[in-house]
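A short write-up of the structure that comes next.
The values are calculated or read from the model by the stated rules, or taken from the named source; none is laboratory data. These numbers were taken from a predicted model, which means no experiment stands behind them. Cβ coordinates were reconstructed from backbone atoms using ideal geometry, including for glycine residues, and neighbour counts include every protein chain displayed.
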Amino acid sequence: MAARTNEYEQPIGVDLSGWTARERPARVSIEGTRCRIEPIDVERHAADLFDAYNQATDGSDWTYLTVGPFADPESYRVYLAKVAASTDPLHYAVVDRATGKAVGTFSLMRIDPANGVIEVGNVVFSPLLKRTAISTEAQYLLMRYAFDELGYRRYEWKCDSLNAPSRQTALRLGFQYEGIFRQAIVYKERSRDTAWFAIIDQDWPGVKRAFETWLDAGNFDAEGNQRESLAGLREAQARG
């Protein structure tokens, strides 16, 4: 497609003359097949979450987060009360529908309604959630909320550039790598180069189709193993 030009013959971006600011995300519950996303509630979630995080054998899950690990239930409860009161980031719990227990949290953050940009962050998934179909469904549900219900144009993922598992997860979920912001953050008495990833609205239909195909019960065998990978499904769709 040829670039648009203005009256001075300078190239300019896509016309968005009909664009309006988006709504901010709300404290809503989102139902899925395997999980439910719901606003953080200290009384309902604190004990379950602390127990879920304690399934880990060490504190390495907290290395690339600005908080944690937490030594006792009370210190975690104090932290959770703070995040429950926050509006940006807006934190949600991931509840396993099979057990009714919260097994992880994440948030929508750096919320920019005027430009339709939003980030998923503060992803703290316990060992009960990691590498499960529930974790993938949770990410899909929040992404779908941002794109389909709120109408955002850009959905971001950022992490410490040294956090290889987070970078791999972003790519698996369909985010595109956009580069490194050097010395972007100071946290836990160290410097962080930040890796940026994003999905934009024109990517979303294909990403969504792959999620829905992957999450379908027919994609799993009797032992719960995937038949096709999420990345493989996207590649197959791209080939037509």
For region 16-45, what are the residues that are touching a strand residue (DSSP E or B) at 6+ places or on another chain (Cβ under 7 Å), of a type outside the set (A, V, I, L, M) and part of a loop (DSSP other than H, G, I, E, B)? Arg24, Pro25, Arg27, Ser29
I'd like to verify a number: residues in region 147-188 that are closer than 26 Å to Gly206 by Cβ, outside any strand (DSSP E or B) and touching a helix residue (DSSP H, G or I) at 6+ places or on another chain (Cβ under 9 Å), how many? 10
Criterion violated by Thr66 - all others in (1) surrounded by 13 or more Cβ atoms within 10 Å (Cβ to Cβ); (2) of a type in the set (Ser, Thr, Tyr); (3) out of contact with any helix residue (DSSP H, G or I) (no Cβ under 9 Å at 6 or more places or on another chain); (4) under 30 Å from Glu23 (Cβ atoms) satisfied: (1)
Restricting the first residue to region 153-166 and requiring it to be closer than 24 Å to Pro113 by Cβ and of a type in the set (Lys, Arg), which pairs with a second residue that is buried (at least 21 other Cβ atoms within 10 Å of the Cβ) and at pLDDT 95 or above meet a Cβ separation below 6 Å and a spacing of at least six or different chains? Arg153/Gly116
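In the set Val83, Val67, which member is in contact with a His (Cβ under 8 Å, 6 or more places away or on another chain) and outside any strand (DSSP E or B)? Before the answer, list the steps.
Numbers: Val67 fails: in contact with a His (Cβ under 8 Å, 6 or more places away or on another chain).
The conditions single out Val83.
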For Gly121, which of the numbered conditions (1) under 23 Å from Ala21 (Cα atoms); (2) modelled with pLDDT under 95 fails to hold? (2)
Taking Ser161 as the residue in question, decide whether it is under 21 Å from Trp196 (Cα atoms), in contact with a strand residue (DSSP E or B) (Cβ under 6 Å, 6 or more places away or on another chain) and polar (S, T, N, Q). yes
With the structure loaded, tell me whether Asp58 is without any contact (Cβ under 8 Å) to a residue 24 or more places away in the chain and farther than 23 Å from Pro165 by Cα or whether it fails that test. no
Have a look at Arg27, Arg77 and point out the one that is surrounded by 15 or more Cβ atoms within 10 Å (Cβ to Cβ) and modelled with pLDDT of 95 or more. Arg77
Residue check for Trp157: touching a Ser or Thr at 6+ places or on another chain (Cβ under 9 Å), crowded, with 18+ Cβ neighbours inside 10 Å, within 25 Å of Ser60 (Cβ to Cβ) and not charged (D, E, K, R): yes
